[in-house]
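Report on the following structure.
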Number of protein chains: 2
Amino acid sequence: MTQIYDRVALIGLGLIASSMFWAMKRNGVAGHVAGYARSAETRDTARRIGLCDTVCDTAIEAVKDADLVVLAVPVGAMGQVAQEIGPHLKPGATLTDVGSVKKQVIEDVAPHVPDTVHFVPAHPLAGTEHSGPESGFATLFDNRWCLIVPSEGSDQGAVDQLGNYWKALGSHIDVMDPDHHDLVLAVTSHCPHLIAYTMVGVADDLRRVTDSEVIKYSAAGFRDFTRIAASDPTMWRDVFLTNKEATLEILGRFTEELFALQRAIRQGDGELLHDYFTRTRAIRRGIIEAGQDTAAPNFGRSR
Amino acid sequence: MTQIYDRVALIGLGLIASSMFWAMKRNGVAGHVAGYARSAETRDTARRIGLCDTVCDTAIEAVKDADLVVLAVPVGAMGQVAQEIGPHLKPGATLTDVGSVKKQVIEDVAPHVPDTVHFVPAHPLAGTEHSGPESGFATLFDNRWCLIVPSEGSDQGAVDQLGNYWKALGSHIDVMDPDHHDLVLAVTSHCPHLIAYTMVGVADDLRRVTDSEVIKYSAAGFRDFTRIAASDPTMWRDVFLTNKEATLEILGRFTEELFALQRAIRQGDGELLHDYFTRTRAIRRGIIEAGQDTAAPNFGRSR
């Protein structure tokens, strides 16, 4: 048992929040967890499966007396929720979030945070293609990174406590500034998702290759893309709308490189292709050595 | 025990051929398997790990008396190997291949096949990002598809026997014509691979996001891309050079769609993005229902 906060409130009960709840329970990280979701259906599901010690019908009720309040709603909804709960936050409490974009969230949320409350944005780098209150599981954050992105003037004690909280949920932690966070994530997560969505869309459009063939013969490569492209549409819409600048910059570089490879194919430049494909192998090796993935055959899947 | 051929020869001893060997041994699909690889190092490894009943020092020696000869070399090397072994194939034997491209392979190989030999091209849709004689395993083809792509005038008995052979290795089989095969594969495999290589290359180029950060914080999405982009460079170079037409066509459609999504991001058109991302989920569901992937959380990986 490693209790870090007495009372925690989860605002939003999707994949991340529900996984946080089960991870808190596993290690006794919080004394009491209150939860709130905007949809009555989600709240009913949460009550049915025992997600949260108390499920509240309003966000204001959920954050009452909470020592840690976690905003786990789509990035585009953070500002509005912060405005609603701001006046009801307990003095001395910490407000954090789990959004995939940090600059915009800080801009949207910070104005609504009272001076008596510590605002410490964060982003756990973990997920699956599933969403909703029933998709969470206790081990989601184990050995994954959680990036803590303190806003200007964040209290060091509050930052350290939030770091200890994420460590107690199983994560490694690191501190990063908002601009750099948004660029790193554009490269490692946001652009890959957009590209996967696009490729799956192309396959869907192509009438000569019928849907059933695309599905039936989906080989490694495309199969991975469809998994990525099955992620929550609302979450990803908000990510691209709020991390516009970095995403568009990386996409620009991507198309530039893709055109170079396309030209090499057209011109039959096998040496360029071979050199390029050899270089990308080294990055893969690094990821396996860093323990962020497994080298198991068949893409580590059971079949 | 389901013996389909008495003597089988594997030309090339990489991931596919070595997996074929272990799958043949598992189910007693062949009486005797001879193997050949161009590099002495690969032949030594094969002898050391017991890959093939006999490892031969020349391709000609390996195909002698074989009832089935499997070309399992990069697509760009098929023609040359066929030219070398053609005159030494046993009358009545079947010659097949496992190449990811079919039109070009048929063009390159067919002229070297004697009239007394049945040439039946095929393509097992299975793989991992690993390569070499030690990467094979017996279950690689289980529940995967193998596409049989008969060339003009292929003998029906030979086609049926090769189908039974792949079923004995664990695969489902289907028959397809070469043009359609190359288009379907451009969509489901070749373009996704090129795109993954490109995105990993972009990350590698971007000096502001240091290599270690890309590796350390590689989230779902990018991590899947690096796995795809770790595949054998020679094999993939040959795929793009020999399936040029279909690949370039699909890439053209891909960049067109990507530009549309890019414009939606720039203009803040959340509705277009949300609709697009919702549509792609259906394809994913279809793949899971078709049994070609698992719905396990965390991308089906052990961690």
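The values are calculated or read from the model by the stated rules, or taken from the named source; none is laboratory data. Here the structure is a predicted model, which means the values were calculated and not measured. Neighbour counts are summed over all protein chains in view; Cβ atoms, including those assigned to glycine, are modelled from backbone coordinates with ideal geometry. Surface accessibility is based on the protein's heavy atoms, side chains included, excluding ligands, DNA and RNA. Shrake-Rupley method; radii C 1.70, N 1.55, O 1.52, S 1.80 Å.
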### Set of lysines with alpha-carbon distance to A:K25 below 30 Å, sequence-local pairs under 8 removed
A:K64, A:K90, A:K102, A:K167, B:K216
### Task
Could you please report the charge total around B:E256, scoring K, R as +1 and D, E as -1 over all other residues with beta-carbon less than 15 angstrom from its beta-carbon?
-2
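Given Cα pairs under 8 Å that are at least 6 residues apart, what percent is the relative contact order of the stretch B:143-217?
Working: 42 pairs, mean separation 22.2, N = 75.
30 percent.
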### Query
How big is the protein assembly as shown on each of its three principal axes, counting only the C-alpha atoms and giving the largest first in Å?
88, 46, 40
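Students often check this: by mean Cβ neighbours within 10 Å, which of A:146-154, B:149-157 ranks highest, and how do the rest follow?
Values: A:146-154: 18.4, B:149-157: 14.9.
Going by the mean number of other Cβ atoms within 10 Å, highest first, we get A:146-154, B:149-157.
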### Task
Determine, from the Cβ-Cβ distance of A:T210 and B:A260 and an R0 of 22 Å, the FRET efficiency 1/(1 + (r/R0)^6), rounded to the nearest 0.05.
0.45
### Message
Starting from 0.36 nm per residue, how many nanometres of slack lie between B:Q83 and B:R47 once their C-alpha separation is accounted for?
### Response
10.3 nm
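Checking an interface number: how much accessible area is buried between B and A, summed over both chains, with a 1.4 Å probe, in Å² rounded to 100? Spell out each step's value before the answer.
Details: alone 16380 and 16390 Å², together 22100 Å².
Buried: approximately 10700 Å² between A and B.
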#### Entry: Intensity falloff of the stretch B:1-156 expressed as log10 I(q)/I(0), Debye formula with alpha-carbon point scatterers, at q = 0.10, 0.14 Å⁻¹
-0.30, -0.62
### Task
Compute the long axis of helix A:191-205 from its Cα atoms, compare it with the longest principal axis of the Cα atoms of chain A, and write down the angle in degrees, 0 to 90, nearest 10.
60 degrees
#### Entry: Sparse-neighbourhood loop sites, trypsin sites (Lys or Arg not before Pro) in the stretch B:121-211 - DSSP loop, at most 10 other Cβ within 10 angstrom
B:R207, B:R208
### Query
Given label points at 7 Å from Cα along Cα→Cβ, what nm distances, shortest first, separate A:A290 from the same residue in every other copy?
3.3
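Taking loop as defined by DSSP and a crowding limit of 16 other beta carbons within 10 Å, which trypsin sites (Lys or Arg not before Pro) in the stretch B:29-61 fit?
On the way: sites: B:R38, B:R43, B:R47, B:R48; in loops: B:R38.
The qualifying sites are B:R38.
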### Task
Specify the angular offset, from 0 to 90 degrees and rounded to the nearest 10, of the alpha carbon long axis of helix A:156-168 from the longest principal axis of the alpha carbons in chain A.
60 degrees
### Task
Working from Cα positions, state the angle (0 to 90°, nearest 10) between the long axis of helix A:15-27 and the longest principal axis of chain A.
60 degrees
### Task
Mind checking which lysines have their Cα closer than 18 Å to the Cα of B:K103? Skip sequence neighbours fewer than 8 apart in that chain.
B:K244
### Task
Pull up the DSSP beta bridges for the stretch B:5-176 and report the antiparallel fraction as a percent, rounded to 5.
10 percent
